[in-house]
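The values are calculated or read from the model by the stated rules, or taken from the named source; none is laboratory data. As the structure is a computational prediction, the values presented were derived from the model and not from experiment. Positions of Cβ are backbone-derived with ideal geometry, glycine not excepted, and every protein chain shown enters the neighbour counts. Accessible surface is based on the protein model in full, side chains and every heavy atom, while ligands, DNA and RNA are left aside. Shrake-Rupley method; radii C 1.70, N 1.55, O 1.52, S 1.80 Å.
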Amino acid sequence: MAAGRSLFAGAVRGVLVGRRLYCDRAAEGSSKKKPKTFPKIYTKTGDKGLSSTFTGERRPKDDLVFEALGATDELSSAIGLAREFGIDANLPFVAELEKIQCMLQDIGSNIATPLSSARESHIVKTTFDAEPVQELEQWIDKYTAQLPPLNNFILPSGGKASASLHVARAVCRRAERSAFKIVKAGEADANVGKYLNRLSDYLFTLARYAAKAEGRAETTYTRTQS
């Protein structure tokens, strides 16, 4: 839902700014100026359990579209936390994580535009192509080449940056499962599912790289029962 709202945010801000400018000019020369008003964060439009897609449909909040949007939004938040830990540790992949967060906004726009009700004008604005998938593959190969072979299962560990990337990876898997339901229903671009699938691999690889870059040991899995 957050991604869908972001698509309307620019237009809404433009209208509001225009209204404020008009009011300011009308008040020029007057000794009594009215206080400026700002839009409220709450709209109350979802109080009855419905929300809007980019195409204007009103659907229940537990619709698959909004489930996928929520998971994607949560993923971006998890990556944002990992990015902050990366900044603190001066790790070299911070800009990549920021770009991925922007990509997730684009994915949200695509999910929020069900193809069954989309017009051509909607599709042009929200299409998600294969190029970002290929970029992730290049990044995965780059970091994999700098890592030792993986011979054991590892547990989320290796320092704050690494562990937070593992959390983001787990959230990514859930976002992928949600998004694939939309893709299989023919309501979203297939590249959305491919990107999220590749992103989980990237986040796993990056978690291992972060541990290595910080000189932190990864905890390997040990069976606790005989």
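Here is a yes/no grid of residues against (1) assigned to a helix (DSSP H, G or I); (2) touching a residue at least 60 places away in the same chain (Cβ under 8 Å):
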| site | (1), (2) |
| --- | --- |
| LEU147 | no, yes |
| ASN152 | no, yes |
| ALA161 | yes, yes |
| ARG169 | yes, no |
| PHE180 | yes, no |
| VAL192 | yes, yes |
| ARG216 | no, no |
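Can you find a residue that is open to solvent by less than 50 Å² (accessible area, probe 1.4 Å) and among the charged types (D, E, K, R) anywhere in segment 190-197?
Checked against the condition, which is being open to solvent by less than 50 Å² (accessible area, probe 1.4 Å) and among the charged types (D, E, K, R), segment 190-197 yields no hits at all.
For segment 152-186, how many residues are open to solvent by 30 Å² or more (accessible area, probe 1.4 Å) and under 27 Å from LEU64 (Cα atoms)?
Of the residues in that region, 11 qualify.
Mind counting the residues in segment 109-128 that are open to solvent by 70 Å² or more (accessible area, probe 1.4 Å), outside any helix (DSSP H, G or I) and either closer than 16 Å to THR205 by Cβ or out of contact with any Asp or Glu (no Cβ under 8 Å at 6 or more places or on another chain) (or both)?
Qualifying residue count, segment 109-128: 1.
Conditions: (1) among the acidic types (Asp, Glu); (2) assigned to a helix (DSSP H, G or I); (3) surrounded by fewer than 13 Cβ atoms within 10 Å (Cβ to Cβ). GLU135 meets all but one. Number of the miss?
(3)
Considering LEU50, LEU64, LEU21, which residue is open to solvent by 30 Å² or more (accessible area, probe 1.4 Å), modelled with pLDDT under 65 and not aromatic (Phe, Trp, Tyr)?
LEU21
Please verify whether segment 32-40 includes one or more residues that are in a loop (DSSP other than H, G, I, E, B), among the hydroxyl-bearing types (Ser, Thr, Tyr), modelled with pLDDT of 70 or more and open to solvent by 20 Å² or more (accessible area, probe 1.4 Å). Walk me through how you get there before you give the answer.
Within segment 32-40, the first condition is being in a loop (DSSP other than H, G, I, E, B), and the residues that meet it are 32-40.
Imposing the further condition that a residue be among the hydroxyl-bearing types (Ser, Thr, Tyr) reduces the set to 37.
Subsequent filtering for residues that are modelled with pLDDT of 70 or more retains 37.
From the residues that got through so far, the ones that are open to solvent by 20 Å² or more (accessible area, probe 1.4 Å) too are 37.
Within segment 32-40, one or more residues are in a loop (DSSP other than H, G, I, E, B), among the hydroxyl-bearing types (Ser, Thr, Tyr), modelled with pLDDT of 70 or more and open to solvent by 20 Å² or more (accessible area, probe 1.4 Å).
Among the residues of segment 139-151, which ones are at pLDDT 95 or above, of a type outside the set (Val, Ile, Thr) and either surrounded by 10 or more Cβ atoms within 10 Å (Cβ to Cβ) or within 18 Å of the chain's Cα centre (by Cα) (or both)?
TRP139, ASP141, LYS142, TYR143, GLN146, LEU147
Might you check whether a residue that is out of contact with any Asp or Glu (no Cβ under 9 Å at 6 or more places or on another chain) and under 19 Å from ILE79 (Cα atoms) occurs anywhere in segment 141-149?
The answer is yes; a qualifying residue exists.
For ARG208, indicate whether it is crowded, with 18+ Cβ neighbours inside 10 Å, within 15 Å of the chain's Cα centre (by Cα) and of a type in the set (Lys, Arg).
Answer is no for this residue.
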